[in-house]
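These notes are about the structure you will find just below.
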Amino acid sequence: MTHRRFTEEILGELKNTLSGMDDKSAGLVVDSILKSKKIFVAGGGRSGFMAKAFVMRLMHTDLDAYVVGETVTPNLETDDIFIVGSGSGETESLVSMAKKAKKIGATIVAVTINPDSTIGEMADVVVEIPAQAKSDGDSGKSIQPMGSLFEQSLLLFYDALILGLMDKKGLKSDGMYGRHANLE
């Protein structure tokens, strides 16, 4: 297969996966973010990279957002939201964080392949991404290895949330440059 065919196949997988997602749960996430004082986002491995990209855009929309585990991340409080991107919903470190967030009383959002997972069961809002799990191997859902389809879908889902937030806040892209890094 050629590079172009691989790209076309990946794009088809993404379109199929994202079209199977629930708009209502995405709307609940946007509303929950807007009601929150601070936003905390976590994910392990490549899902963690997607979390960092999402938090950057949240900051560009003038929201108080943090990546869990960074040295400048403040404490989570009751009026905050904790968004976890985890394909399995069973990553031990993320389960531990979700338990602590639940105990504190923050709103928990799980973005996962497995809504019946430990994190999914604890969440106030669950968003299911119907992608191939790492453990599915060669299930036929994706030509890509491991959790690539989930991770790519997670980034696109997060970017769509940003568009929803921009719409509700009346923001345009050019109005966000004032929060863009300027020491580069």
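The values are calculated or read from the model by the stated rules, or taken from the named source; none is laboratory data. Since this is a predicted model, take the numbers as computed values, not measurements. So basically every Cβ, Gly included, is an ideal-geometry build from the backbone, and we count neighbours across all protein chains shown.
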Looking only at region 1-58, and only at residues there that are of a type in the set (S, T, Y) and out of contact with any Pro (no Cβ under 8 Å at 6 or more places or on another chain), the one that is farthest from A123 (Cα to Cα): T2
Number of the condition not met by N75 [criteria: (1) assigned to a loop (DSSP other than H, G, I, E, B); (2) crowded, with 16+ Cβ neighbours inside 10 Å; (3) out of contact with any strand residue (DSSP E or B) (no Cβ under 8 Å at 6 or more places or on another chain)]: (2)
Single residue of region 127-153 satisfying the filter (over 20 Å from V95 (Cα atoms), part of a helix (DSSP H, G or I) and within 17 Å of the chain's Cα centre (by Cα)) that is modelled with the lowest pLDDT: S148
Scope region 30-49; condition in a helix (DSSP H, G or I), touching a Phe, Trp or Tyr at 6+ places or on another chain (Cβ under 9 Å) and under 14 Å from F82 (Cβ atoms); matching residues: none
Residue within region 79-100 that is charged (D, E, K, R), within 17 Å of F157 (Cβ to Cβ), surrounded by 12 or more Cβ atoms within 10 Å (Cβ to Cβ) and in contact (Cβ under 8 Å) with a residue 40 or more places away in the chain present: no
Selection within region 47-86 - polar (S, T, N, Q) and more than 16 Å from L161 (Cβ to Cβ): T71, T73, N75, T78, S86
Search result, residues across region 8-36 that are loosely packed, with under 11 Cβ neighbours inside 10 Å and hydroxyl-bearing (S, T, Y): S19
Options D124, D116, D79: the member that is over 13 Å from the mean Cα position of the chain (by Cα) and over 30 Å from N16 (Cβ atoms): D79
Qualifying residue in region 154-168 (condition: within 18 Å of F54 (Cβ to Cβ), at pLDDT 90 or above and outside any helix (DSSP H, G or I)): no
Residues that are loosely packed, with under 15 Cβ neighbours inside 10 Å and in a helix (DSSP H, G or I), drawn from region 54-72: none
Criterion (hydroxyl-bearing (S, T, Y) and over 15 Å from E13 (Cα atoms)) met by exactly one of S153, S88: S88
Where a residue in region 26-46 is farther than 15 Å from L161 by Cβ and its partner, wherever it lies, is surrounded by fewer than 18 Cβ atoms within 10 Å (Cβ to Cβ), with Cβ under 6 Å and at least six apart: K37/D79; K38/D64
